[in-house]
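The values are calculated or read from the model by the stated rules, or taken from the named source; none is laboratory data. Keep in mind the model is a prediction, meaning the values are calculated, not measured. Here the Cβ positions follow ideal geometry from the backbone for every residue, glycine too, while neighbour counts run over all protein chains shown.
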Amino acid sequence: MSTPALQDPARRTPASQHSLGIKPPPAPEAIGGQVTLSIDGQEIKVPLGTTILEAATKMGIHIPTLCHHPDLCVAGVCRVCSVEVEGMRTLQAACAFPVTAPIKVKTHTQKVRTARRHIVDLLLSDHYGECYACRRNNNCELQSLAREHGVDFFRFGHPVKPAHEIDGSSYSVVRDLNKCVLCRRCVRTCIDLQEVGTIEVVGRSDRSHIKPFLDKPLGEVVCINCGQCINRCPTGALHAQDYTDEVWAAIDNPAKHVVIQTAPSPRAAIGECFGLPAGQALTFELNTALRRAGFDRVFDTNFSADLTIMEEGTELLLRLKKALLLREPAAFPQFTSCSPGWVKFLEHFYPEYIPNLSTAKSPQQMFGAVIKTYYAEKHGIDPKDIVTVALMPCSAKKFECNRPEMDSSGFKDVDYGLTTRELAKMIHEAGIDLPRMPKSDFDAPFGTATGSGVIFGATGGVMEAALRTVIELVTGKKVEDLFEHADIKPVRGFEGVRYVELPITEVGPVPEILAHLFPHWAFLKGQTLKLAVAHGTANAKKVMEDIKRGGPMSKCHFIEFMGCPGGCIGGGGQPIPTSPEIREARARAIYAEDSAYAVRKSHENPDIGRIYQEFLKEGPCGHRSHELLHTHYTVRGKYIE
Amino acid sequence: MSQLPTFTSMKAEDGLRKALGMPRPDLIAEISASGLKGRGGAGFPTGVKWNFAAAAKADRKYVVCNADEGEPGTFKDRVILQDHADLVFEGMTIAGKAIGAKEGILFLRGEYTYLKTHLEEALARRREAKLLGKEILGQDFNFDIRIFMGSGAYICGEETALIECLEGFRGEPRNRPPFPVNTGFLDRPTVVNNVETLAWAACILQKGSDWFKSVGTEKSTGIKIFSVSGDCAKPGVYEFPLGITVKDLLQQVGGAGAQAVQMGGASGLCVPASEFGRQIAFEDIPTGGSVIVFGPQRDMLDVLHNFLEFFVDESCGQCTPCRLGNRKLLEGVEMLKAGACSMAYLQELCALGESMQLASKCGLGQSSPNAFLSVMKHFRAEFMGRTHGFVNA
Ligand SMILES: Cc1cc2nc3c(=O)[nH]c(=O)nc-3n(C[C@H](O)[C@H](O)[C@H](O)COP(=O)(O)O)c2cc1C
Ligand code: SF4
Ligand code: SF4
Ligand code: SF4
Ligand code: SF4
Ligand code: FES
């Protein structure tokens, strides 16, 4: 059969549904590409192809939805958004109906109300779960629908027994299909948004369900643990592995010294779990809350982000030296390695590029290793009694801290990765009103962090932080002389892939901290650094395919990759819901926090200078650094035995 | 020997020859004038459909012949393909000329694989006779046809699900709009027509629209091919003019004395004996051609049970009303059979059926409650007689 099936294997939904496929007629003369429709008797003018749902939202008319999500292509499967369009025999799905003619829409006629109520009743007849024993209680779209539609009895029954086993095989994502409403948001997330393609709809009719490839447990397939599916699931069917009981147990054990590091992105988002609008960072309130909850020390992951910059930046310079000065082969472009979702994506889909990954560990893991060695030594605490907890925006961090190679301190470097949602739960449980906490500082000896660490949370942040340091170390000039306020704006923003060139016109003396590695910088003079930033694995895939083809991306020196759309602020452990607006608000909070820091460059952080002096000794990428702060990767491939 | 005299009387080639001699607008006008309506069940005017596709601007367009024939009780397309494949291919070629397509695809039901060689041979013969391929009949018109094998799901007969299959995806209906005439196969304008519709199009070009209109009713012109099965003496494939009453049809097939007839397959209507005077036509009892006769000995609840099991099996499972609604209707029938369905719950189920008709995403869910609702309307008294007490769900 000569069918051109799956030309683009990623395009699993018809393009017609991505863009709604309507090509406006060539000459919409009378209306100039606009169309006036009426909804519930009110008129509105919108561009041709606008959906009824979008038009209604603009007018402040609420149409209930379930399968629709602002980040995803249209599915039109739940039918909760059904509305009446004058002249049409059947009801139409508002989320999937592009307006191309002056139609009249009614959103709450008797037919509409009855149909919607029936749909909710049907969903409940197939939904095994009790709200008060569910993680999504009070944050569940099915629950809200039931309330909005006045459900006061189960018209078509309600299951009393689970029909599916819970899949807890993954370190990161737990699947409870008993609560699944088959909205397919997770499938569209995994296939269309992330282009990983771990999960699909299997089976027909009421036997259809969401399954990983070949019906295997999620822990045994190519899932990269990004948790993006969790963030977009409307119900409790998907959630992250929960380690709060273990963390409470450590806190309750007086023999244990429990330290927590907090990353910038959860601090910029956790307020959402306490009723605040998106975009308000609670960094210092959180310090107080964590101490009150019982953590012995609160550290700032920014410290190890600065350390990452030192190590990763030096690694880049070493690769450049190898290629330009020694004329030996070096793996370019160098890829960042701080996003564990991205790392696993590469290990599965592009394992031949593992040499390009920076060997520097992520900030989370560096901190774990440093706490159980440097910190333990300095404070005379037996590392076996230290429990390290990491507050991360990320579900993949749970997998990362369980990687067997992450034990260079002689112990598990990071014992537990907590998501923003889990920590919010602990704070709620402790009865702490987070937004009203007084502010307090991080603990020594990692009290000073820099703005560079903060911006790790947003896409382009690692690149910007690395550039601030590399530029100064190499040119001997201040970044501020090149970029106003040291804001390297070209690498910021939300475009999927960004590309920047940075010519090195002059070089300075080699600073002391790098003197053992580089005789001079002359080999860099006149070079142009080519840099790129990509976020979300779908964009990462574009970049990787371009590299494979030998396209412009293959000429880059350094590429920042983040597994999640928007970077860590959109991580799979962040508060639900998520949307482009919410992620933008969180990013604004992060950049605001950066500007507020007195020290904004990693190499200027005095605590960093001290750890190299007192402990790591040989400077970045030295022997001890390699032992504690660097790692190696695993070839996984697409097919797993 | 073919059971279809009109098709047998046609002379292949003549229609195509005429079509190639006509400007495209005239060709579409001829089809429109005939009043031909889709024979696949929905009864959409074929001329209008072709006109939409012809008006759409695109680099490529496609003609698809829907030979998925999955509706329970239909088998006429199989007979047409077996005995009159040339007419069907000619209809596709004419449609290609009308809308400006160069490629036709015959979507053949998986169960009809045995017909494939026969059809490939017919295609080869046509290519040899310059009726397909480059410069058809010496004219500046290229068109070829390939066969695509379906894999057995009923839903893949729905035109947008069929297109998904053609593209290599899971067979599930798309959102409409956009419609296939605008955004179809590979996002190009695509005409999807039933086997029989295309065969009639070839006949209309040969004999003219007036000939076609000379039988049938004003709104439902022409002859329709029926697949007749069930409790009758002479099941088989028949030609009848549209507008024929159920009673007359039954008479001809030896089905007098039936208590009910299922018109249009499982998704059609159940017509009780009291309404046998009604006409089979798009304006009264619409049909894709399936006629299932139920003799007086049949238990209509068993019949319904059967249909609903079919839908519970065949729903693609994409949308809520159909995925879960058919299951509830089936459970309702089981409760009725056990005498455990209260009047109130039956009422709820009928209301649910109406919601399914309104809110389902595609024709399957929109029509699957038809049988339930019409049986409940006409035979309710009998079933409720079986109710033992009032047990609620
Ligand atoms: C569930 C479902 C199954 C269908 N199956 C068929 C089929 O097997 N054959 C067919 O010709 N049309 C089928 N149709 C109708 C098609 O969607 C489409 O309307 C038809 O192919 C158009 O052709 P026509 O205009 O020539 O009738 C089906 C529709 C639905 C909703
Ligand atoms: S998923 Fe939603 S509706 Fe279901 S039990 Fe949880 S909170 Fe309740
Ligand atoms: S965690 Fe990411 S990769 Fe895994 S199933 Fe969810 S979306 Fe797909
Ligand atoms: S798991 Fe969640 S997101 Fe996926 S289909 Fe089920 S309810 Fe929807
Ligand atoms: S109505 Fe049924 S067959 Fe059609 S899309 Fe919905 S679930 Fe699928
Ligand atoms: S929200 Fe429109 S169909 Fe689900």
Problem set entry | Matching residues, segment A:331-385, being within 19 Å of A:P404 (Cβ to Cβ) and either among the β-branched types (V, I, T) or surrounded by fewer than 24 Cβ atoms within 10 Å (Cβ to Cβ) (or both) | A:V343, A:E347, A:H348, A:P351, A:I354, A:L357, A:T359, A:T373, A:P383, A:K384
For this session: Provide a single number: the residues in segment A:197-246 that are aliphatic (A, V, I, L, M), closer than 22 Å to A:L124 by Cα and either within 14 Å of chain B (Cβ to nearest Cβ) or not in a helix (DSSP H, G or I) (or both).
Result: 5
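Among A:I354, A:I371, A:I309, which is the only one that is β-branched (V, I, T), assigned by TED's automatic domain parsing to the domain that holds A:C401 and more than 23 Å from the chain's Cα centre (by Cα)? Working first, answer last.
Working: A:I354 fails: more than 23 Å from the chain's Cα centre (by Cα); A:I309 fails: more than 23 Å from the chain's Cα centre (by Cα).
Going through A:I354, A:I371, A:I309 in turn, the sole match is A:I371.
Residue under question is B:G230, and the condition is that it be surrounded by fewer than 19 Cβ atoms within 10 Å (Cβ to Cβ), at positive phi and more than 14 Å from chain A (Cβ to nearest Cβ); does it hold?
no
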Exercise. Exactly one of (1) modelled with pLDDT of 95 or more; (2) within 16 Å of ligand 2 (Cβ to nearest atom); (3) away from chain B (no Cβ under 14 Å) is unmet by A:E130. Its number?
Worked result: (1)
Problem set entry | So A:R135, is it assigned to a loop (DSSP other than H, G, I, E, B), more than 16 Å from ligand 5 (Cβ to nearest atom), in contact with a strand residue (DSSP E or B) (Cβ under 7 Å, 6 or more places away or on another chain) and of a type in the set (D, E, K, R) | yes
Problem set entry | Members of segment A:457-507 that are farther than 21 Å from A:F335 by Cα and of a type in the set (F, W, Y) | A:F483
Exercise. Which number in (1) farther than 26 Å from A:R267 by Cα; (2) touching a residue at least 24 places away in the same chain (Cβ under 8 Å) marks the one condition that A:G551 misses?
Worked result: (2)
Exercise. Looking at (1) within 25 Å of A:S625 (Cβ to Cβ); (2) out of contact with any strand residue (DSSP E or B) (no Cβ under 6 Å at 6 or more places or on another chain); (3) β-branched (V, I, T), which is the only condition A:I270 fails?
Worked result: (1)
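Which residue, of B:Q262, B:Q318, is more than 16 Å from ligand 5 (Cβ to nearest atom), crowded, with 24+ Cβ neighbours inside 10 Å and polar (S, T, N, Q)?
Working: B:Q318 fails: more than 16 Å from ligand 5 (Cβ to nearest atom).
Going through B:Q262, B:Q318 in turn, the sole match is B:Q262.
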Problem set entry | Positions within segment B:274-293 being buried (at least 22 other Cβ atoms within 10 Å of the Cβ) and not in a loop (DSSP other than H, G, I, E, B), in sequence order | B:I280, B:S290, B:V291, B:I292, B:V293
Exercise. Out of segment B:299-323, which residues are under 13 Å from B:Q366 (Cα atoms) and assigned to a helix (DSSP H, G or I)?
Worked result: B:F311, B:T320, B:P321, B:C322, B:R323
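For residues that are facing another protein chain (nearest Cβ under 10 Å), assigned to a loop (DSSP other than H, G, I, E, B) and buried (at least 16 other Cβ atoms within 10 Å of the Cβ), tally how many sit in segment B:124-178.
12
Based on this model, can you work out whether A:N225 counts as in contact (Cβ under 8 Å) with a residue 60 or more places away in the chain and at positive phi? Explain how you work it out, then say what you get.
Numbers: in contact (Cβ under 8 Å) with a residue 60 or more places away in the chain: yes; at positive phi: yes.
Considered against the rule, which asks whether it is in contact (Cβ under 8 Å) with a residue 60 or more places away in the chain and at positive phi, A:N225 comes out as yes.
Anything in segment A:168-196 that is more than 14 Å from chain B (Cβ to nearest Cβ) and more than 16 Å from ligand 2 (Cβ to nearest atom)? List them, or say none.
Looking only at segment A:168-196, we keep the residues that are more than 14 Å from chain B (Cβ to nearest Cβ), and these are A:168-176, A:178-179, A:186, A:189-190, A:193-196.
Matches in segment A:168-196: A:G168, A:S169, A:S170, A:Y171, A:S172, A:T189, A:C190, A:L193, A:Q194, A:E195, A:V196.
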Problem set entry | Exclusive hit being among the aliphatic types (A, V, I, L, M) and over 21 Å from the mean Cα position of the chain (by Cα), set B:A67, B:A55, B:A85 | B:A55
Exercise. In segment A:86-105, is there at least one residue being in a helix (DSSP H, G or I) and either within 11 Å of chain B (Cβ to nearest Cβ) or surrounded by fewer than 20 Cβ atoms within 10 Å (Cβ to Cβ) (or both)?
Worked result: yes
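Can you go through B:E382, B:E331 and tell me which one is out of contact with any Leu (no Cβ under 7 Å at 6 or more places or on another chain), at the interface with chain A (Cβ under 10 Å from one of its Cβ atoms), not aliphatic (A, V, I, L, M) and not in a loop (DSSP other than H, G, I, E, B)?
Values: B:E382 fails: at the interface with chain A (Cβ under 10 Å from one of its Cβ atoms).
Every option except B:E331 fails the conditions.
Look through A:F303, A:F349, A:F274, A:F335 and report the one residue that is under 26 Å from the mean Cα position of the chain (by Cα) and at pLDDT below 95. Before you say what the answer is, go through the steps one by one.
Working: A:F349 fails: at pLDDT below 95; A:F274 fails: at pLDDT below 95; A:F335 fails: at pLDDT below 95.
Only one candidate passes the filter, namely A:F303.
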Exercise. Would segment A:151-161 turn up any residue that is in a loop (DSSP other than H, G, I, E, B) and touching a Pro at 6+ places or on another chain (Cβ under 7 Å)?
Worked result: no
Exercise. For A:A94, all conditions in the list (1) within 16 Å of ligand 4 (Cβ to nearest atom); (2) outside the structural domain of A:P234 (by TED's automatic domain parsing) hold save one; what is the number of the exception?
Worked result: (1)
Exercise. Residues of segment A:38-67 being under 29 Å from the mean Cα position of the chain (by Cα), within 12 Å of chain B (Cβ to nearest Cβ) and assigned to a loop (DSSP other than H, G, I, E, B), which ones?
Worked result: A:L66, A:C67
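Taking B:G317 as the residue in question, decide whether it is modelled with pLDDT of 95 or more, within 16 Å of ligand 6 (Cβ to nearest atom) and either within 30 Å of A:L66 (Cα to Cα) or of a type in the set (F, W, Y) (or both). It would help to see each step written out before you state the result.
Details: modelled with pLDDT of 95 or more: yes; within 16 Å of ligand 6 (Cβ to nearest atom): yes; either within 30 Å of A:L66 (Cα to Cα) or of a type in the set (F, W, Y) (or both): yes.
Here the answer is yes, as B:G317 does meet what is asked.
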Exercise. Counting only residues that are among the acidic types (D, E), part of a helix (DSSP H, G or I) and surrounded by 22 or more Cβ atoms within 10 Å (Cβ to Cβ), how many does segment A:291-317 have?
Worked result: 3
